[in-house]
Amino acid sequence: RDSFDVHVVSHTHWDREWYLPLARMRQRLVALVDELLDAPPEGGAFLLDGQAIILEDYLAVRPEREAELRTLLERGVLEAGPWFVLADELLPSGEALVRNLLEGMRTVRARGGTPPAVLYCPDSFGHPADLPLLAGGFGLPLIILWRGLGGPCWPEGDAFQWKTTSGARALVHHLPPWGYEYGANLPTDETQARERWRRLRQMLADRARTNLLLVLNGADHHARQSRHDDALRMLAKVAKPDGV
């Protein structure tokens with residue numbers, strides 16, 4: 001294609017407990033959300049990893065900032081959900097996954113937000129055959145995933161329709177081999193930005209099945225990148241004729 005519509009989604013991918021204990025990870029989370037509340041994104045949004053429990057973890061430490069958090073969720077400047085916590089999709093029961101989504105949506109709405117209409121599964125290691133049925137039951141027409149998909153039996157490219165034996169359907173966007181980190185730390189220097197976009201575009205365009213490219217701007221436990229607005233303006237400049 002001569003040009004694409006490029007959508008940049010700034011986000012974090014958050015493990016509540018991994019190489020550090022829960023309390024230490026929560027300290028880092030509080031610093032991340034504090035910064036977003038102190039200087040909210042302009043003209044865009046920041047995705048809190050598709051899981052609502054991040055809101056509860058933050059407010060457990062900063063209950064005095066609930067009104068500020070609610071305002072940004074109401075305006076769509078911060079986004080969370082639809083999951084309560086990003087789940088392994090094969091170990092829990094089907095009912096556990098349903099209850100996870102019910103609680104996630106309830107939590108986001110209770111804090112003033114609207115859960116994104118996307119079943120966001122960036123780091124699940126596998127997916128049940130009835131995942132489109134689960135998504136459809138919650139009015140989520142799109143599934144975004146990365147791990148747990150691939151091989152000769154799967155369609156090539158970044159988008160396909162997944163139909164179950166029950167007849168349920170969902171549009172799937174399959175993230176590239178670099179997962180959800182491929183758009184992290186976008187350059188502000190023009191020369192570096194042109195080279196970065198050349199490599200990114202080649203990878204994304206080779207897999208594109210629509211005229212849309214998704215650039216996930218974030219990584220594991222990352223706050224919003226420094227000079228975020230400058231980096232987006234530079235990407236828009238060097239990506240032309242693609243529209244960012």
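Condition first: open to solvent by 20 Å² or more (accessible area, probe 1.4 Å) and either among the hydroxyl-bearing types (Ser, Thr, Tyr) or closer than 26 Å to residue 126 by Cβ (or both). Now tell me which residues in the range 54-86 satisfy that.
Hits for the range 54-86 are 71, 79, 84, 85, 86.
Does the range 174-185 include one or more residues that are in contact with a Lys or Arg (Cβ under 9 Å, 6 or more places away or on another chain), over 13 Å from residue 8 (Cα atoms) and part of a strand (DSSP E or B)?
Checking the range 174-185: at least one residue is in contact with a Lys or Arg (Cβ under 9 Å, 6 or more places away or on another chain), over 13 Å from residue 8 (Cα atoms) and part of a strand (DSSP E or B).
Of all residues in the range 211-224, how many are touching a strand residue (DSSP E or B) at 6+ places or on another chain (Cβ under 8 Å) and either assigned to a loop (DSSP other than H, G, I, E, B) or over 30 Å from residue 26 (Cα atoms) (or both)?
Number of matching residues: 8.
Only one residue in 216, 235, 212 is in contact with a Phe, Trp or Tyr (Cβ under 7 Å, 6 or more places away or on another chain), in contact (Cβ under 8 Å) with a residue 24 or more places away in the chain and over 28 Å from residue 114 (Cα atoms). Which one?
235
Can you say whether residue 220 is touching a His at 6+ places or on another chain (Cβ under 6 Å) and open to solvent by less than 30 Å² (accessible area, probe 1.4 Å), as far as the supplied structure shows?
Criteria not met by residue 220.
For the subset of the range 105-152 comprising residues that are touching a His at 6+ places or on another chain (Cβ under 9 Å) and small (Gly, Ala, Ser), which member is nearest to residue 76 (Cα to Cα)?
Among those residues, the one meeting the criterion is 148.
Inspect the range 153-168 for any residue being within 30 Å of residue 199 (Cα to Cα), of a type in the set (Ser, Thr, Tyr) and out of contact with any helix residue (DSSP H, G or I) (no Cβ under 9 Å at 6 or more places or on another chain) and give the result as yes or no.
Taking every residue of the range 153-168 in turn, none turns out to be within 30 Å of residue 199 (Cα to Cα), of a type in the set (Ser, Thr, Tyr) and out of contact with any helix residue (DSSP H, G or I) (no Cβ under 9 Å at 6 or more places or on another chain).
Could you grab me the full set of residues in the range 17-38 that are assigned to a loop (DSSP other than H, G, I, E, B) and surrounded by 11 or more Cβ atoms within 10 Å (Cβ to Cβ)?
Answer for the range 17-38, where residues must be assigned to a loop (DSSP other than H, G, I, E, B) and surrounded by 11 or more Cβ atoms within 10 Å (Cβ to Cβ): 17, 18, 20.
Would you check if there is a residue in the range 110-128 being aliphatic (A, V, I, L, M) and farther than 30 Å from residue 162 by Cα?
yes
Please pick out the residue among 90, 102 that is open to solvent by 50 Å² or more (accessible area, probe 1.4 Å) and in contact with a His (Cβ under 8 Å, 6 or more places away or on another chain).
90
Which fully enclosed helices (runs of 4 or more DSSP H) of the range 61-145 have 1 or more residues being hydrophobic (A, V, I, L, M, F, W, C) and within 13 Å of the chain's Cα centre (by Cα)?
Those helices (runs of 4 or more DSSP H) do not exist here; none qualify.
Take the residues in the range 39-52 that are of a type in the set (A, V, I, L, M, F, W, C) and assigned to a strand (DSSP E or B), then tell me which one is surrounded by the most Cβ atoms within 10 Å (Cβ to Cβ).
46
Going by the conditions given, is residue 115 in contact with a helix residue (DSSP H, G or I) (Cβ under 6 Å, 6 or more places away or on another chain), closer than 30 Å to residue 157 by Cα and open to solvent by less than 50 Å² (accessible area, probe 1.4 Å)?
Spelling it out, residue 115 is indeed in contact with a helix residue (DSSP H, G or I) (Cβ under 6 Å, 6 or more places away or on another chain), closer than 30 Å to residue 157 by Cα and open to solvent by less than 50 Å² (accessible area, probe 1.4 Å).
State all residues of the range 34-49 that are more than 16 Å from the chain's Cα centre (by Cα) and without any contact (Cβ under 8 Å) to a residue 40 or more places away in the chain; if no residue qualifies, say none.
34, 37, 38, 39, 40, 43, listed by residue number.
Looking at the range 1-16, which of the residues that are part of a loop (DSSP other than H, G, I, E, B) and among the acidic types (Asp, Glu) is least open to solvent (accessible area, probe 1.4 Å)?
15
Results for (1) assigned to a helix (DSSP H, G or I); (2) surrounded by 14 or more Cβ atoms within 10 Å (Cβ to Cβ), shown as yes or no for each residue.
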residue: 198; (1), (2): yes, no
residue: 201; (1), (2): yes, yes
residue: 209; (1), (2): no, no
residue: 226; (1), (2): no, no
residue: 231; (1), (2): yes, yes
residue: 238; (1), (2): yes, yes
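The values are calculated or read from the model by the stated rules, or taken from the named source; none is laboratory data. Computed from a prediction, not measured in an experiment: that's the story for all the values here. Because the Cβ atoms are built from the backbone with ideal geometry, glycine has one as well, and the counts that use them run over all protein chains shown. The area values use the complete protein model at the heavy-atom level, side chains included, leaving out ligands, DNA and RNA. Shrake-Rupley method; radii C 1.70, N 1.55, O 1.52, S 1.80 Å.
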